[in-house]
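To start, the structure itself, in structure tokens.
The values are calculated or read from the model by the stated rules, or taken from the named source; none is laboratory data. Not measured: the values here are computed from a predicted model. Backbone-built Cβ (ideal geometry, glycine too); neighbour counts: all protein chains shown. Note: accessible area is taken over every heavy atom of the protein model, side chains too, but ligands, DNA and RNA are not part of it. Shrake-Rupley method; radii C 1.70, N 1.55, O 1.52, S 1.80 Å.
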Amino acid sequence: MKPLIIYSLIVFLTTAVAADDRPAITITYYHYPPDIRVVNGKPTGKYIDQLTAVADTAGYDVRWMASTIDEEADMLNEGRRAICTTGRMPTPERVKKWAFLPYLFDLVPGDIVLTLPKYRDRLKAHGNIVSLAQDSSMIGTLLESGIYGEEVDSIVRANPSWILRTGKTDFQLMNMVLAGRAHYTIVPLDQWDEARRVMPQTNTLVTLPNYGTHPDYPIAIACSKGVPSATLKALGEAMAEHGFKPYDLPH
């Protein structure tokens, strides 16, 4: 074999080994259209593409890990498993437990209250979501790890029996109302828009305007405290390279 061919083969093999040795970062995902869709068991969509590009710039491959929004929150709270997420709203409580990258990843549409037409007047009589959440005669269904605004969250933290926290996705919450298992739910506007597109039955739900629900949500990439500081630094620098704007995390 000629020396040039041997040299080229060595370079090729060295490059291949280097590529195999590239570190990976685990990122959780769940079906959250329109920005994340799970197709044939694989995540696709805007957030997936953006995070893949950020990780690549930081020098990492992505190891995608299927999860639910509540399982993800549990792992972040425990802080033992080295994971990052596709974005969470920073709060002072979360900032103490989770490692957020200080960049605005996206601005998620705010919340709406959904109910059946036959309950609209009862909800309307309350005038706002805080009053409704205090009504023990009206069963609400919310996500276990959801954020709904400080006043509502303070009510929910007391674990009232009339607010259920068993739904794993916003679609499940809407189905619980449709099935008569709850009088109302709170979901982001884009989730209802998506549900009406793929689940025609959700078109029967109604909402109330100006009901005091949470406005648009700023989200940042949250990682567990198990992720090394060097990895967090590299990912943050990569987000800056990709044009994400700095975000002042709450204290």
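How many percent of the accessible area of the chain is carbon or sulfur, using a 1.4 Å probe?
Numbers: 7240 of 12900 Å².
With neighbouring chains kept in place, the figure for the chain is 56 percent.
Short version: ³J(HN,Hα) in whole Hz for each residue of region 98-108, in order, from phi by Karplus 6.51 cos²θ - 1.76 cosθ + 1.60 (θ = phi - 60°), x for Gly and Pro, what are they?
10, 9, 8, 7, x, 9, 6, 7, 6, 10, 8
Find how much the distance from HIS31 to THR68 grows on full extension, using 0.36 nm per residue of separation minus their present alpha carbon separation; answer in nm with one decimal.
Numbers: separation 37, 0.36 × 37 = 13.32 nm, distance 0.84 nm.
Gain on stretching HIS31 to THR68: 12.5 nm.
Most mobile of THR26, THR141, THR204 per a Gaussian network model of the chain (Cα springs, under 10 Å)?
Top of the fluctuation ranking is THR204.
When the Kirkwood radius is taken over all Cα pairs of region 184-237, what Stokes-Einstein diffusion coefficient follows at 10 °C and 1.306 mPa s, in µm²/s? The partial results should precede the final answer.
Values: Rh = 14.7 Å.
Translational D for this selection: 108 µm²/s.
Show me, for region 189-197, the HN-Hα J-couplings you get by feeding each phi into the Karplus relation (A = 6.51, B = -1.76, C = 1.60, θ = phi - 60°), rounded to Hz, glycine and proline as x.
4, 5, 6, 5, 4, 5, 4, 5, 6
Could you work out, for the chain, what percent of all Cα-Cα pairs fall into each 10 Å distance bin, beginning at 0 Å and stopping at the bin that holds the largest distance?
For the chain, the pair-distance distribution reads 7, 27, 30, 19, 9, 4, 2, 1, 0.
So if I place +1 on the C-beta of Lys and Arg and -1 on the C-beta of Asp and Glu, and nothing else carries charge, what would the dipole magnitude of the chain be about its Cα centre? I want it in debye, nearest 20.
Working: 25 positive and 28 negative charges, 83 e Å.
Dipole about the Cα centre, nearest 20: 400 debye.
Starting from the residue with the highest accessible area, list TYR211, TYR103 in decreasing order, probe 1.4 Å.
On the way: TYR211 10, TYR103 40 Å².
Most to least solvent-accessible, the answer reads TYR103, TYR211.
For a quick check of understanding: with a 1.4 angstrom probe and all protein chains in place, what accessible area in square angstrom does LYS124 have, to the nearest ten?
Rounded to the nearest 10, the figure is 140 Å².
Percent antiparallel among DSSP beta bridges with both residues in the chain, to the nearest 5?
Details: 19 of 32 bridges.
Roughly 60 percent of the beta bridges in the chain run antiparallel, per DSSP.
Under 5 Å between amide H atoms, partner at least 5 residues away or on a different chain: which partners does LEU208 have, H built in plane at 1.01 Å?
HN-HN under 5 Å from LEU208: VAL113.
Long-range amide H contacts for GLY226: which residues qualify at under 5 Å (H placed 1.01 Å from N, peptide plane, sequence gap of 5 or more or a different chain)?
ILE83
Treating the Cα atoms of region 106-243 as identical point scatterers in vacuum, please give the log10 of the normalised Debye intensity I(q)/I(0) at q = 0.14, 0.17, 0.19 Å⁻¹, two decimals.
-0.68, -0.90, -1.06
If you plug each phi of region 215-232 into the Karplus form 6.51 cos²θ - 1.76 cosθ + 1.60 with θ = phi - 60°, what whole-Hz ³J(HN,Hα) values come out, in order, with x for Gly and Pro?
x, 3, 9, x, 10, 10, 6, 9, 10, 7, 5, x, 7, x, 4, 5, 5, 4
Quick one: which residues, 5 or more positions from TYR32 or on another chain, have an amide H under 5 Å from its amide H? H modelled 1.01 Å from N in the peptide plane, none for Pro or chain starts.
ARG37, VAL38
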